[in-house]
């Protein structure tokens, strides 16, 4: 370990990209594993992921945790420190390194916008070359929880190298909080990066119409119509099966992320019209029984439509329109439309979106950038227009008032 006086030269540190996260969807017990450079499973991470699996975490959550721990173990392997010998200095240097290192480079097509630049149409920034504050914040929390797990089981160090909240002695934060009062802002955890405030980017009606017109088949139009009318998450809607579509009541049943509950969501009639057009085009080429997927690929062999495939559809639309919309922006669009409807209360929108806390839904109450800009432009136009003098009260002649007040006629 490195002390206070011996500081590592992080600018010259080279962290090899050894090890990887191995996924096996057929393994229901351990769908995700972390292996080192010799393809040997890291047992410390394996035990932690097994504990998360027992707590009901999904395979996607396990993959996210494993990737965060992969960054941490790569750093420890580079500085030649065992995971159970890491201290506060390693945690500090890791967070500094994570904020300065560049992410693994993905293959980019010719003409792809520069990372970090802002799209001229959507005004959304493209992902940068470095890890975002939210990613670093998540990585810090995962490492902290990893060592807390091994400390509780007696298989790791007694002191967590990744410290928690400053000055917090009781691990049960806000345990005696009054539910009728708002939560107070406590101290920030050590090495916790600040997350910039981000506005939910929703499409305007004209922007959605352009995206909808650029879709090339009835399947994609039906999916877009369901997205923008139900507010369901991308993976939730793609996982809908035939027995969870009620055309008569215009409802669609989705399995909620996190809780795993079945929730029926209303959708607009046009979505079911496009769905019927899509089904008629299939002509019984794919199974349509209970438990069978609703959305399928367009080419043989027929396979259920996945998130990467639907994302590729939107990528082609973005290339055609010069935009950088995402599937989650359709959910933001639905939320904005629901909030603006006076017939829907905020708890109604919370229930439709599947938010656990009402404060998550409240972010959609903030004014949109386009609305603020338009009101500000109206303000500037009114300020630039000459203000006519008020007319004199009844019974007073204008020339008398001008002579009395010294106003030139």
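Listed values, structure above:
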{"read-out": "Exposure proxy ranking, count of Cβ atoms within 10 Å, fewest first, for 226, 272", "value": "272, 226"}
{"read-out": "Taking the range 1-53 and dividing mean pair separation by its residue count, relative contact order in percent (alpha carbons under 8 Å, at least six apart)", "value": "24 percent"}
{"read-out": "Residue with peak Gaussian network fluctuation, the chain [Cα springs, cutoff 10 Å], from 217, 39, 376", "value": "376"}
{"read-out": "Cα-based Rg and Dmax for the chain, where Dmax is the largest Cα-Cα distance (Å)", "value": "28.0, 100"}
{"read-out": "Cα gyration tensor category, rounded, prolate or oblate, for the range 6-67 with a/c compared to 1.5", "value": "prolate"}
{"read-out": "Relative contact order (%) - the chain, alpha-carbon pairs under 8 angstrom, separation at least six", "value": "11 percent"}
{"read-out": "Ascending count of other beta-carbon atoms within 10 Å, so fewest first, for 42, 315, 188", "value": "188, 315, 42"}
{"read-out": "Added length on full extension, which subtracts the Cα-Cα distance from 0.36 nm per residue, residue 365 to residue 152", "value": "72.5 nm"}
{"read-out": "Theoretical gain in end-to-end length, residue 129 to residue 30 [0.36 nm per residue, Cα-Cα removed]", "value": "32.5 nm"}
{"read-out": "Nearest-0.05 FRET efficiency for residue 101 and residue 283, computed from C-beta distance (R0 56 Å)", "value": "0.60"}
{"read-out": "Among 197, 165, 256: highest mean-square fluctuation, GNM of the chain, C-alpha pairs under 10 Å", "value": "197"}
{"read-out": "Folded to 0 to 90 degrees: helix 88-100 orientation relative to the chain principal axis, Cα", "value": "50 degrees"}
{"read-out": "Choice from 47, 388, 222 showing the highest fluctuation, given a GNM over the chain with Cα pairs closer than 10 Å", "value": "388"}
{"read-out": "Once the Cα gyration tensor of the range 205-365 is diagonalised, semi-axes √(5λ) in Å", "value": "25, 20, 14"}
{"read-out": "Mean Cα-pair separation over length for the range 10-153, i.e. relative contact order, pairs under 8 Å, 6 or more apart, %", "value": "20 percent"}
{"read-out": "CD proxy at 222 nm, helix term only [per DSSP H run n ≥ 4: -39500 (n - 2.57); per residue of the chain; nearest 500]", "value": "-13500 deg cm²/dmol"}
{"read-out": "Sites residue 39 and residue 112 - FRET efficiency at Förster radius 35 Å, r taken between beta-carbons, to 0.05", "value": "0.60"}
{"read-out": "Stretch gain in nm, segment residue 309-residue 358, where the contour uses 0.36 nm per residue and the Cα spacing is subtracted", "value": "14.4 nm"}
{"read-out": "Rounded Å value of the spacing that divides the Cα centres of the range 336-409 and the range 10-77", "value": "53 Å"}
{"read-out": "Using alpha-carbon coordinates, inclination of helix 43-54 to the longest axis of the chain, degrees", "value": "50 degrees"}
{"read-out": "Fewest-first sequence of 405, 67 by Cβ atoms within 10 Å of each Cβ", "value": "405, 67"}
{"read-out": "Spatial extent of the range 10-153: Rg and Dmax, with the Cα atoms as the point set, Å", "value": "16.8, 53"}
{"read-out": "On Cα atoms only, tilt of 369-384 relative to the major axis of the chain in degrees", "value": "30 degrees"}
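Every read-out reported here was derived from the displayed coordinates using simple, explicitly stated rules and does not represent laboratory data. All of these numbers come straight from a predicted model, not from anything done at the bench. Here Cβ is always computed from backbone atoms with ideal geometry, including for glycine, and neighbour counts include all displayed protein chains.
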